[in-house]
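Report on the structure given below.
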Amino acid sequence: MAGTTAETTAAIIDGKAFAAGLRARIATQVAELKAAQGITPGLAVVLVGEDPASAVYVRNKGIQTREVGMSSFEHKLPAETPEADLLALIDRLNADPAVHGILVQLPLPGHMDATKVINAIAPAKDADGFHILNVGLLGTGQKAMVPCTPLGCLMMLRDHLGSLAGLNAVVVGRSNIVGKPMAQLLLNESCTVTVAHSRTRDLPDVCRGADILVAAVGRPGMIKGDWVKPGATVIDVGINRIEVDGKARLVGDVDYAAAARVAGAITPVPGGVGPMTIACLLANTLTACCRANGLPDPEGLTP
Ligand code: GUN
């Protein structure tokens, strides 16, 4: 059995391939929606300021949105835009019937209240699932818009493990974007869930109890190989830029080489969780479009 001896290596969960397959399925469903109903799903992405990493993400989102046949609406505002102007733009997007999903790229400039901005998005168009109403719906096990990164992690876990019921899941990290919604999704799958964080006592021991270990802390290589239970499924959400021998490298929150000798399966960085996030943003946009038009949820794109 994979991952039960020191010699064996974990199965690699190929997020890049999974995301490509997911986008292909979305493209097919978008084409069917256009043909049968004359509806084109639309995603609006709002970028405030010039943060280079955010600009790259927004560009990639636009490219992939168009590739699956959806309409992409990009709004780039200067960093010094007054908050009231951003809120007015969100109001217009909320009222625009061609826009089914809205994403405001974070972080926002310091003079803006991100919580206020996110909660100004119509909950049904909240492609990120960050609106307080969607947080509450997810937390009570109701139909919600679900944050993209945890949704992508759940899809990979389900694909790899089938039913997750009864498994011990440890989520390391308690952010609103990943850790907390991930824990809610796993609880809704009937896992026994522990949320660990920087103040957790004996974190290595807590991690060793995990059949499913999700690392979302943003600290390169923090989770060591001997923290991983033999045969466990390890999902590494971290995307950390480090320098090795003067060269820039992307690494996760897990010491990949060591963990891969122990785990049953593991996501690499890059090429694991990362590509799933934008694919799930497209999935959420299609879901929002179907719900807005009184159609059933698209197949296989919701929890
Ligand atoms: N910035 C980094 N990740 C995200 C994300 O998932 N959504 C938004 N809106 N901004 C981000």
Treating only Lys and Arg (+1) and Asp and Glu (-1) as charged, each at its beta carbon, one finds that region 126-283 has a dipole about its Cα centre, in Debye to the nearest 20, of 180 debye
The set of residues whose placed amide H lies less than 5 Å from the amide H of Val193, leaving out same-chain residues fewer than 5 positions away, is Ala169
Checking rank on 234-243, 85-94, 268-277, with mean other Cβ inside 10 Å and highest first, the result is 268-277, 234-243, 85-94
Computed over the chain: longest principal axis from alpha-carbon atoms vs helix 15-37 long axis, angle to nearest 10 degrees, is 30 degrees
Each label sits 7 Å from Cα toward the beta-carbon; between Asp245 and Thr140 the label points are separated, in nm, by 5.6 nm
For the chain, the accessible surface attributable to carbon and sulfur atoms (probe 1.4 angstrom, ligands and nucleic acids excluded) amounts in percent to 55 percent
Per residue, accessible area of region 190-303 with a 1.4 Å probe, heavy atoms of protein chains only, in Å², comes to 43 Å²
Treating only Lys and Arg (+1) and Asp and Glu (-1) as charged, each at its beta carbon, one finds that region 50-156 has a dipole about its Cα centre, in Debye to the nearest 20, of 380 debye
Sorted on mean Cβ neighbours within 10 Å (highest first), peptides 197-203, 142-148 come out as 142-148, 197-203
Correct semi-axes for region 240-303, from √(5λ) of the alpha-carbon gyration tensor and rounded to whole Å with the largest first, are 36, 16, 6
Stokes-Einstein D for the chain (10 °C, 1.306 mPa s, Kirkwood Rh from Cα pairs), in µm²/s, comes to 80 µm²/s
Those cysteines in the chain that have no second cysteine Cβ within a distance under 4.7 Å are Cys153, Cys191, Cys207, Cys289, Cys290
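The values are calculated or read from the model by the stated rules, or taken from the named source; none is laboratory data. None of the values given here were measured: they were computed from a predicted structure. Ideal geometry is used to build each Cβ from the backbone, glycine not excepted, and the neighbour counts take in all protein chains shown. Just so you know, the surface numbers come from the protein's heavy atoms only, side chains and all, with ligands and any DNA or RNA stripped out. Shrake-Rupley method; radii C 1.70, N 1.55, O 1.52, S 1.80 Å.
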